[in-house]
Amino acid sequence: MILLQTNAPSDWAMFFGHFHPVVVHLPIGMLMIAAILEYISRKKGLEVLQPAIAPILWWGMISAVVSCIFGYLLSSSGEYNEDTLFWHQWMGIGVALVALGAWYMKKNWQNDDTMKKVYVPSIYAIVILLTGTGHLGGNMTHGEDYLYTYTPEPFRSIAGLPPRTSGAGERKKIENIEQALVYQDIIAPVMEQKCWSCHNANKIKGQLRMDKIELLTKGGEHGAIFKTNDPENSEMVKRLLLDMNDEHHMPPKGKTPLTDQEILLVTWWIKNGAKFDAKVAQLKPDDKIKPILAAFAGGAVVGTVAASGGETVSPVFSEKVSAASESDIKKLTDLNVIVMPVAKDQNFLDVNFINARTLDDSKIGLISNVSDQVVWLKLGSSKVTDKSLSDISKLKNLTRLNLEHTVVSDAGITQLKDLKYLEYINLFDTKITDAGLASLAKLKGLKKVYCWQTKVTQAGVNALKKALPSVEVDMGWQDKMPTTDTTKKVEEKKVLAK
């Protein structure tokens, strides 16, 4: 087997290895073009194309060799299934060798009958090897069922494929949430959507597989990823709570992160013993967990809060709004803004700028195009300013707003006074003062305010609570925060996940 035998591949090996997915498309394109030209140039009147084939075969072979080298370096990470990797590598090498042979025969076949007979089959062999190599590469990157996951009926039944399960973002309804298995019905679906793509049978990043219970329990190269009954000291939870820009955050930057509610569910499961056969009723969910479980029961994306355990759903969810324009959503997603449905069979949206934090006021203003549909807006650590809050004030159905780590001040906050459905606002590390907090008194539906590391005083909090007796104001842990940067990030994110 061609596999670098080292426990710690060098940075140079990984640097060039990561170019493999980019370079690999060059030989695929060039060699397929050569095969097509060989076919059509044999038609009457198209013989003029023949001279172009040999150079294309040559450069296709060269790029295949470079791709093999980069793939060889990438394999040193040890993150891929060895059996699949073995065949993928050798078929890739086969592409390069057969392309070299085809090029040589194309250049020298004029006076050699044997070459003429072997040349055309070699072109067929290149196409077959390219197809097989690409398929195995896709299996390692996306999973074995990637090619046929969305096969429609009746072709699915004809091919003997099992019924298709719900897609990402789509939850299977749970008839009796109390009797649902916590891991199988709730935790595993979250991991499947957000974690399994890097930790499965074909791609084993960090020597960790999460698609099987026994392997999840075993852990990865650094040992177990969770400690029963101790989520705060579980590596899995720690990495979920790191800042998105931290290289150790999971899932890595660029992939869809777990929502606060999903992190809360994972933490609750670990805190209650991380049992794989326990039912919801046995773990006795508290009032924070019950609404999230109720969302599962209704088939909602976990990022919503449903009624349960004494909590009520925001009145906004009784409103009917039309679906947002596909073009308006695309304007946001093209800028790396995450736009997700809040619940099945509803048109409300969760808009998250976590991967688009550098956008300025002019781009953030694009949310005004979906003003009726946005109920959750996450602008934490973005370049949002008081000017942007003028657009945000037009989101008449907004219920949750994250503005932590931004430069917004009292001038911006006062513009939110007409958001009658707003229930939650995070103002951590902003320029808000008691004056800005006082303007929130006009939001009669407000339930939770985070304002630690601001200029808000206890007097300002008391004044707000006098106007809104039921509101909960959290001034944070500024006097208790750990001193190390990493621990500080973890603790801050724990509060954000509340």
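The values are calculated or read from the model by the stated rules, or taken from the named source; none is laboratory data. Source: prediction; values computed, not measured. Note: ideal-geometry Cβ built from the backbone for every residue, glycine included; neighbour counts use all protein chains shown.
Here are the numbers:
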| item | result |
| --- | --- |
| Members of region 248-286 found to be assigned to a loop (DSSP other than H, G, I, E, B) and more than 26 Å from Leu349 (Cβ to Cβ), listed by number | His248, Asn272, Gly273, Ala274, Lys275, Phe276, Asp277, Ala278, Lys284, Pro285, Asp286 |
| Every residue from region 71-89 that is free of Cβ contacts under 8 Å to residues at least 60 places away in the same chain and buried (at least 21 other Cβ atoms within 10 Å of the Cβ) | Gly71, His88 |
| Lone qualifier among Leu136, Leu37 - being more than 29 Å from the chain's Cα centre (by Cα) and part of a helix (DSSP H, G or I) | Leu37 |
| Filter result for the condition that a residue is over 19 Å from Asn352 (Cβ atoms) and either among the acidic types (Asp, Glu) or outside the structural domain of Ser470 (by TED's automatic domain parsing) (or both), over Asp391, Asp434, Asp429 | Asp434 |
| Residue in region 222-230 that is more than 17 Å from the chain's Cα centre (by Cα), surrounded by 15 or more Cβ atoms within 10 Å (Cβ to Cβ) and charged (D, E, K, R) present | yes |
| In region 344-380, the residues that are under 20 Å from Gly436 (Cα atoms), without any contact (Cβ under 8 Å) to a residue 40 or more places away in the chain and not hydrophobic (A, V, I, L, M, F, W, C) | Lys378 |
| Any pair with Cβ under 7 angstrom, 6 or more apart, that starts in region 115-138 at a residue that is in the same structural domain as Glu38 (by TED's automatic domain parsing) and crowded, with 19+ Cβ neighbours inside 10 Å and ends at one that is at pLDDT below 95 and hydroxyl-bearing (Ser, Thr, Tyr) | Leu136/Thr84 |
| Pro27 vs. criteria in contact with a helix residue (DSSP H, G or I) (Cβ under 7 Å, 6 or more places away or on another chain) and not in a helix (DSSP H, G or I) | no |
| Test: residue in region 409-427 that is of a type outside the set (A, V, I, L, M), surrounded by 23 or more Cβ atoms within 10 Å (Cβ to Cβ) and within 25 Å of Glu472 (Cβ to Cβ) | yes |
| Any hit, region 240-247, residues being within 19 Å of Val351 (Cα to Cα) and either at pLDDT 85 or above or acidic (Asp, Glu) (or both) | yes |
| Residue in region 133-150 that is in contact with a strand residue (DSSP E or B) (Cβ under 7 Å, 6 or more places away or on another chain) and at pLDDT 85 or above present | no |
| Unique match (being at pLDDT below 80, in a helix (DSSP H, G or I) and surrounded by 15 or more Cβ atoms within 10 Å (Cβ to Cβ)) among Ala294, Ala300 | Ala294 |
| Some residue of region 89-104 being in contact with a Leu (Cβ under 8 Å, 6 or more places away or on another chain), outside any loop (DSSP other than H, G, I, E, B), under 30 Å from Trp12 (Cβ atoms) and modelled with pLDDT under 90 | no |
| Filter result for the condition that a residue is under 14 Å from Ser75 (Cβ atoms), assigned by TED's automatic domain parsing to the domain that holds Lys107 and part of a helix (DSSP H, G or I), over Pro51, Pro55, Pro21 | Pro21 |
| Cβ-Cβ under 8 Å pairs, at least 6 apart or on other chains, region 169-184 side under 17 Å from Asn272 (Cα atoms) and of a type in the set (D, E, K, R), far side surrounded by 14 or more Cβ atoms within 10 Å (Cβ to Cβ) and at pLDDT below 85 | none |
